[in-house]
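In what follows, a structure is listed as structure tokens, so that the remarks can point back to it.
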Amino acid sequence: MRKVKNILVLVFAFGLLLSCSEEFLTHPPKGQANEELIKNKTGIEQLVIGVYAVLDGVHGESGAGKWASSVSNWVFGGVVSDNAYKGTVFGDQSQINPLEGFYADAANEYVANHWTPFYDGIARANNVLTMLTEEDIGLSAGEKTHIEAQMRFLRAHFYVELTRVHGPVPYIDENTEDPKTVPND
């Protein structure tokens, strides 16, 4: 019995050695986009849709995330300006109370959840603008110009919203090599 077990272990080990090759390590990971998949007209169009997806303000969040950067701008445009009331009891969405009283700080989740989606949209727009500089992506000059205009407009929209709420913010465009080097004063 022991001899049979040893033979099975050897066969398994030998089979494992034969099945593992250098080719196994070169396969792109599944479920992740890589540049080769999106260096075409369809890939660019999907990236553009990704930039537009940020406009819904939800950004895959629950709680404060779905209100902080919503298109209606209910928190920063309505409640903070006294054009709308938070409603219900004091403890419900209590993070809005400091915003309404103008004493919020960066630890307030509504502030962070407002800032993050807009910079994500800016990063997505910058990625599309960078991809448009590639040579063989299957887009005509007119299509490239049209997409570039959309991305520049959306990026400007995100910056206007950030500036209205947070004041001067760091400007990062598709030519910024390292965002950490952009002054944040």
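Below are the figures for this structure:
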quantity: Selection within region 156-185 - over 23 Å from Glu100 (Cα atoms), of a type in the set (D, E, K, R) and open to solvent by less than 50 Å² (accessible area, probe 1.4 Å); calculated: Asp173, Glu174
quantity: Qualifying positions in region 69-80 - small (Gly, Ala, Ser) and open to solvent by 60 Å² or more (accessible area, probe 1.4 Å); calculated: Ser72
quantity: Condition check for Pro117: on the phi < 0 side of the Ramachandran plot and touching a His at 6+ places or on another chain (Cβ under 8 Å); calculated: yes
quantity: Residue, nearest to Leu47 (Cα to Cα), within region 84-94, restricted to residues that are open to solvent by 40 Å² or more (accessible area, probe 1.4 Å) and of a type in the set (Gly, Ala, Ser); calculated: Ser94
quantity: Candidates Ala125, Ala156 - the one that is in contact with a Lys or Arg (Cβ under 6 Å, 6 or more places away or on another chain), modelled with pLDDT of 85 or more and not acidic (Asp, Glu); calculated: Ala125
quantity: Residues being in contact with a Lys or Arg (Cβ under 9 Å, 6 or more places away or on another chain) and either acidic (Asp, Glu) or surrounded by fewer than 17 Cβ atoms within 10 Å (Cβ to Cβ) (or both) - total across region 95-120; calculated: 2
quantity: Subset of region 132-153 [under 25 Å from Asp178 (Cα atoms), out of contact with any helix residue (DSSP H, G or I) (no Cβ under 6 Å at 6 or more places or on another chain) and at pLDDT below 90]; calculated: Thr133, Glu134, Glu135
quantity: Selection count, region 131-155, where residues are open to solvent by 60 Å² or more (accessible area, probe 1.4 Å) and within 30 Å of Gly78 (Cβ to Cβ); calculated: 2
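Here is a yes/no grid of residues against (1) without any contact (Cβ under 8 Å) to a residue 40 or more places away in the chain; (2) over 25 Å from Leu37 (Cβ atoms); (3) among the small types (Gly, Ala, Ser):
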| site | (1), (2), (3) |
| --- | --- |
| Gly91 | yes, yes, yes |
| Ser94 | yes, yes, yes |
| Trp115 | no, yes, no |
| Ala156 | yes, yes, yes |
| Leu162 | no, yes, no |
| Asn175 | yes, no, no |
| Asn184 | yes, yes, no |
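The values are calculated or read from the model by the stated rules, or taken from the named source; none is laboratory data. For clarity, every value in this text was computed on a predicted model and none was experimentally measured. So basically every Cβ, Gly included, is an ideal-geometry build from the backbone, and we count neighbours across all protein chains shown. Areas reflect the complete protein model, heavy atoms only, side chains present, ligands, DNA and RNA absent. Shrake-Rupley method; radii C 1.70, N 1.55, O 1.52, S 1.80 Å.
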